[in-house]
Amino acid sequence: SWLLKDVGGERIVMHGGATNGQMSSFVMVPAKNFALTVLTNADRGREAHALISNWILEHLAGVSEPFPAILPLSARQMEPYAGEYQAALNTLDLSVEGGYLVMMQRPAQSPLSAPGTLPPPPPPVRLGFHAEDRVISLDSPSHGSKGEFVTAPDGSLWFRWGGRIHRRMA
């Protein structure tokens, strides 16, 4: 599928993929006749992708997205989002700490990697709400990465992060 978004008045068309140890992205700015592809062979390739893609888009295509304003939410308002969220390649633990939603990532065993070889987890990051059900990472290494909470028709809560959708387990 193609992901579409408007940045600085320009339509951006994107597609990517990932598995443990590898990541790819393809970004086009059709109105500027511009495209870029970034490929990595690193467990933390997503972080490099964001830095590289954003720098190239700003400096070579003239397209940049301002950092959104963070909404001042109380711990009580953030508490419904806390919990454990699982996807095939990792588990995300979200908790409310110090006025922020804090995310810890735990990698899962990939069927493509040797048994017992898990990539190291990235450090915890604070997430700030910039719109209803939408968060942005405030800390490196994922600074500026965005996530979205989705409530399914059955009432279950899901969290879209890192190109994957994670189901709330607890």
Worksheet item: Roughly how many Å² is the accessible area per residue of segment 28-170, as a whole number, for a 1.4 Å probe?
Response: 57 Å²
Item to complete: Calculate, in nm to one decimal, what Thr37 and Ala131 gain on full extension: separation in residues at 0.36 nm each, minus their alpha carbon distance.
Response: 30.9 nm
Fill in: Virtual spin-label span in nm between Glu58 and Ala75, 7 Å along Cα→Cβ
3.5 nm
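Carbon and sulfur: what percent of segment 1-93's accessible surface (1.4 Å probe)?
On the way: 3170 of 5670 Å².
The C+S portion of the solvent-accessible surface of segment 1-93 is 56 percent.
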Practice prompt. Quick one: which residues, 5 or more positions from Val135 or on another chain, have an amide H under 5 Å from its amide H? H modelled 1.01 Å from N in the peptide plane, none for Pro or chain starts.
Written response: His130, Gly147, Glu148, Phe149
Discussion item. Between segment 107-170 and segment 4-42, how far is it from one alpha carbon centroid to the other, in angstrom?
Written reply: 19 Å
Worksheet item: In deg cm²/dmol, rounded to 500, what helix-only [θ] at 222 nm does the chain give when every DSSP H run of at least 4 residues adds -39500 (n - 2.57) and the total is split over its residues?
Response: -3500 deg cm²/dmol
Practice prompt. Using amide H atoms built 1.01 Å from N in the peptide plane, name the residues 5+ places from Ala42, or on other chains, whose amide H lies under 5 Å from its own.
Written response: Gln22, Met23
Worksheet, complete the sentence: Between the modelled labels at Glu65 and Thr91 (7 Å from Cα along Cα→Cβ) the distance in nm is 3.0 nm
Discussion item. Debye calculation, C-alpha points only, no solvent: report log10 I(q)/I(0) for the chain at q = 0.09 Å⁻¹, in the same order as the q values.
Written reply: -0.33
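Between Arg164 and Arg11, what length in nm is gained on full extension when 0.36 nm per residue of separation is reduced by their alpha carbon distance?
Numbers: separation 153, 0.36 × 153 = 55.08 nm, distance 2.25 nm.
Gain on stretching Arg164 to Arg11: 52.8 nm.
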Worksheet item: Can you give the charge dipole size of segment 111-170 about its Cα centre, rounded to the nearest 20 debye, using +1 on the beta carbon of Lys and Arg and -1 on the beta carbon of Asp and Glu?
Response: 100 debye
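The values are calculated or read from the model by the stated rules, or taken from the named source; none is laboratory data. Keep in mind it's a predicted model, so treat the numbers as computed, not measured. Glycine gets a Cβ as well: all are built from the backbone with ideal geometry, and neighbour counts include every protein chain shown. Heavy atoms of the whole protein, side chains included, go into the accessibility calculation; ligands, DNA and RNA do not. Shrake-Rupley method; radii C 1.70, N 1.55, O 1.52, S 1.80 Å.
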